[in-house]
Amino acid sequence: MEDLGRMKFGVFMAPFHQLGENPGVAIERDIRTIEWLDDLRYDEAWIGEHHSAGWETISSPELFIAYAAAKTRTIRLGTGVVSLPYHNPYMVAERMVLLDQLTRGRAMLGVGPGALPSDAYQLVLDPPRQRPQMDESLGLILRLLRGETVTHENDWIHLRESRVQVPLYSDPMFPVFVASTLSPAGPTIAGKHGVGVISVSTFLPAGLDLKAQWGIAEESAAKHGKTMSRRNWRLMLPIYLADSREEAYRDVSVNAYRFQDEYFGKTLGRTFEFPGAKEDFAQVMAETGGAIIGTPEDAVTAIKQLQELSGGFGGLLGLAHEWAPSPKMHHSYELFARYVAPHFQGGLPGVTTAQGWAAANREALNKNEVSAVVAAFNTLGGALPEQVYGEKTS
C-alpha cells in the first residue's frame, strides 16, 4: 500500500461567476479568495482558462497566477487547466518556465483538451480531435521542459529546433497534471506520460467510480513504462461548511440549484432535472455524494468515505463556487482549514498527546508547582498565601 503522506487541500477556481455583476470586480474577489487561502495555509489553488459562455471569466491562468503569486507567500498555484489545443506547445512550455522562476517553484501545470464547446467553435477546433491534440501537445511540452530540442511538424503544430532558453527553478520539474472528466481520455493520457490526475467530475453521479478511473491511469502507465503515484491524484467537488448543518443547507441551497440550472442546463445545454424544492437541493447533494455540505465533522466523515471509494488519493480540491456571500464563503474556508485539514495532515496527534499527558499527570504536576512557589517564598520572604493554584500551602 502506497504511503500517501500529508493530504493536500486546495481549490479549483474555474471561476464561476453568475451573470449580472461587474466581471472585473469578480476577478478581484477571486484574488482576495486566493490571499485568504494562503493565510489559512491551504496547499494549492488551480486556476482555469475559458474564453466564452459568460460564467468562467479568467482567460489566462498564467497571468492570473503571476499576479496572485506576488500577493501570496506559500500557496502553490496551478493552471487548472491550460487547454492545450488552443496553444502552441512551445509557448505553453515557455510561459510555465517563466512562472516557475517568478514564483520560485510554486507554479504547477494542469492541462486539458478544453471543456467549452463555445471555445472550440470560436477557435475553429474539431471537438473529436481535441483529446488527441492534448496528448500530442503534452508529450512535446514535457520534452521541452526536460531540456530537449524539438522539431515537430503537422497541420497544427510547427516547431523547428525549438528549445526553452531559461532553466527551470524547480528540480527536476514542477508538478504536471491532466484533468479528467467522464471519458477515459484523461487518466489514459496521464498514465501514458506518467503525470498526475485531477478528477474534476467527482461530484457528478457518473464520475463516482473512482477506483476504475485510477485503474485506467495505472494500466496506461504500465503499458508505456511509467509509474503512477496516488500522491499525484486530486479529487474535486463542491464544499461548503457552516457552524451547523441546517445553516449550511440554508446558506447555499438556492444558489447551488441556480448554478446547476443556469450554467449546466441553460448555458451548456446539459440535462438538469431536480424534482424537489430549491431549498432542499443542498441537502440532496450532500446526501448523494454530490458535494460536501454541512459541518466540519460532516466533512471529515465525507473525506474518509472518499478515501474508501477511491482506494486513496493525495489531495482534495473544493470547487471555488460562490453559492453564499463572500464573508460566509471565507468562514467556510476557515472552518475547513481549522477543523478538517488537521485530521488528514498530521496536525492533531502531537497536541492531543501533549494535552492528554498533562491531564493524566495534572495532580502531581500541580503539587510540584505549588512546592516551587512555597520554596520561592521561603527563600525570598513575604507572606505566604494560604492557597496556591487551589492547593493549601501548609
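Is any helix in the chain, taking whole DSSP H runs, at least 15 angstrom long along its axis by alpha carbon and on average at least -0.5 on the Kyte-Doolittle scale, and which ones? It would help to have the intermediate numbers written out before the result.
On the way: long enough: 23-39 (24 Å, -0.40); 89-102 (20 Å, 0.54); 127-145 (27 Å, -0.43); 210-223 (20 Å, -0.35); 245-258 (20 Å, -1.35); 296-310 (21 Å, -0.31); 326-339 (19 Å, -0.99); 349-360 (16 Å, 0.27); 362-380 (27 Å, 0.15).
The qualifying helices are 23-39, 89-102, 127-145, 210-223, 296-310, 349-360, 362-380.
Using a cut-off of 13 Å between beta-carbons, work out the net charge of the residues near G80 (Lys and Arg +1, Asp and Glu -1, G80 not included).
Its environment carries a net charge of -3.
Sort D155, D126 so the one with the fewest other Cβ atoms within 10 Å of its own Cβ comes first. Let's see the in-between values first.
On the way: D155 6, D126 11.
So the residues, fewest neighbours to most, are D155, D126.
Among all the lysines, which ones have a C-alpha under 23 Å from K392's C-alpha, if same-chain residues fewer than 8 places away are not counted?
K367
Amide H of H152 versus every other amide H placed in the peptide plane: which residues, excluding those fewer than 5 positions away on the same chain, fall under 5 Å?
Here the answer is L159, R160, E161, since their amide H atoms fall under 5 Å of that of H152.
Checking the a/c ratio against 1.5 first, then a/b against b/c, what shape does the Cα gyration tensor give for the stretch 169-287? Can you show the working numbers first?
On the way: a/c = 2.73, a/b = 2.06, b/c = 1.32.
Taking the square roots of the gyration eigenvalues as a ≥ b ≥ c, the stretch 169-287 is prolate.
Among the listed pairs K192/K328; K8/K223; K8/K226; K304/K328; K8/K71; K8/K192, which have their C-alpha atoms separated by more than 30 angstrom in this model?
Table pairs above 30 Å Cα-Cα are K192/K328.
For the stretch 269-283, take each phi angle, set θ = phi - 60°, evaluate the Karplus expression 6.51 cos²θ - 1.76 cosθ + 1.60, and give the result in whole Hz per residue in order, putting x for glycine and proline.
With the stated coefficients, the stretch 269-283 comes to x, 8, 5, 9, 9, 9, x, x, 7, 4, 5, 9, 5, 4, 5 Hz.
Rounded to two decimals, what ratio of Rg to Rh does the stretch 100-207 give with C-alpha atoms and a Kirkwood Rh?
Looking at the stretch 100-207, the ratio lands at 0.99.
Fewest to most neighbouring Cβ within 10 Å: what's the order for V97, V178, V25?
Ranking V97, V178, V25 by Cβ neighbours within 10 Å, fewest first, gives V25, V97, V178.
At a 10 Å Cβ-Cβ cut-off, how would you order I65, I157, fewest neighbours first?
Fewest-to-most ranking of I65, I157: I157, I65.
For the chain, modelled as a Gaussian network with Cα springs under 10 Å, which listed residue fluctuates most, H17, H152, H331?
Greatest mean-square fluctuation among the candidates belongs to H152.
List every residue whose amide H lies under 5 Å from the amide H of F177, counting only residues 5 or more places away in sequence or on a different chain, with H placed 1.01 Å from N in the peptide plane.
L109, G110, V111, G196
Between the stretch 150-193 and the stretch 38-72, what's the alpha-carbon centroid distance in Å?
Here the two parts' Cα centres lie 20 Å apart.
Output the direction-averaged projected area (hull surface divided by four) of the convex hull of the alpha-carbon atoms of the chain, in nm².
Spelled out: convex hull of the Cα atoms, projected over all directions, averaged, 26.2 nm².
Every number here is computed from the coordinates shown, using simple stated rules; none is lab data. Worth saying up front: this structure is predicted, and the values here are computed from it rather than measured. A quick note on method: Cβ atoms are made from the backbone with ideal geometry, for glycine too, and the neighbour counts reach across all protein chains shown.
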